[in-house]
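We did not get these values from a lab; they are worked out from the coordinates using the rules stated. Fair warning: this is a prediction, and the values are worked out from it, not measured in the lab. Heads up, the Cβs are rebuilt from the backbone with ideal geometry, glycines too, and the neighbour counts pull from every protein chain shown.
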Amino acid sequence: MLRKKVKLPYKMEAYASDLPRPCYMTEGSSGMDIHAAVDEKETILPGKSALIATGLKVAVPEGYELQIRPRSGLAAKQGIGIVNSPGTIDSDYRGEIKVILINFGNDPFEVQRGDRIAQMVLCPVPQAVLEEMDELPPTERNSGGFGHTG
């Protein structure tokens, strides 16, 4: 099945012009890898987080969001995640994308210029139209939650 292609205009800041552009690493990839635009290596200690610049700005089409997600390899091998995962880039935001990396691992983690630090996934997002009601339609589950199925 051929996937729908959606144009995503972008701009690299001058200070990041030497970095690789976001790209899908394989034909079936959902996310495009994005790179660190740090001037010098930055060390993230265990249990700490850091805001990492990418030098990337985008113009997300209306009706979409760009989700910033962790890279599975960094998570599995070094315990690196994203604090607000997934991060959301709204269609009206035009600032630089920055990633809040967190070190869940036991060892300090070094971020160097050009490292692949996250991936971004373009997702459709309808807007809800809230409709206040006196009662909600029942379901089999109703208010069951927090492990109610065992």
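Some observations on this one:
- Euclidean distance of C-alpha centroids, the range 77-150 and the range 40-75, integer Å: 12
- At R0 = 35 Å, FRET efficiency that the Cβ-Cβ distance of Glu132 and Cys23 yields, to 0.05: 0.20
- Reachable aspartates and glutamates from Lys48, criterion Cα separation under 14 angstrom, eight or more residues apart if same chain: Asp107, Glu110
- Each semi-axis of the equivalent ellipsoid for the range 58-150 is √(5λ) with λ an eigenvalue of the Cα gyration tensor; in descending order they amount to 34, 23, 9 Å.
- Residues Val125 and Lys41, FRET efficiency given R0 of 35 Å [Cβ-Cβ distance, rounded to 0.05]: 0.45
- Packing-based ranking of 91-104, 57-70 yields 57-70, 91-104, ordered from highest to lowest mean Cβ neighbour count within 10 Å.
- Mean Cα-pair separation over length for the chain, i.e. relative contact order, pairs under 8 Å, 6 or more apart, %: 29
- Placing unit charges on each Cβ (+1 for Lys and Arg, -1 for Asp and Glu) gives the range 10-124 a dipole about its Cα centre, and among Ile80, Ile97, Ala16 the Cα reaching farthest toward its positive end belongs to Ile80.
- Our summary of shape: the Cα atoms of the range 10-124 have principal axis extents of 41, 28, 26 Å, ordered from largest down, in whole angstrom.
- Partner lysines whose Cα lies under 29 Å from the Cα of Lys7, excluding those fewer than 8 positions away in the same chain, are identified as Lys57, Lys98.
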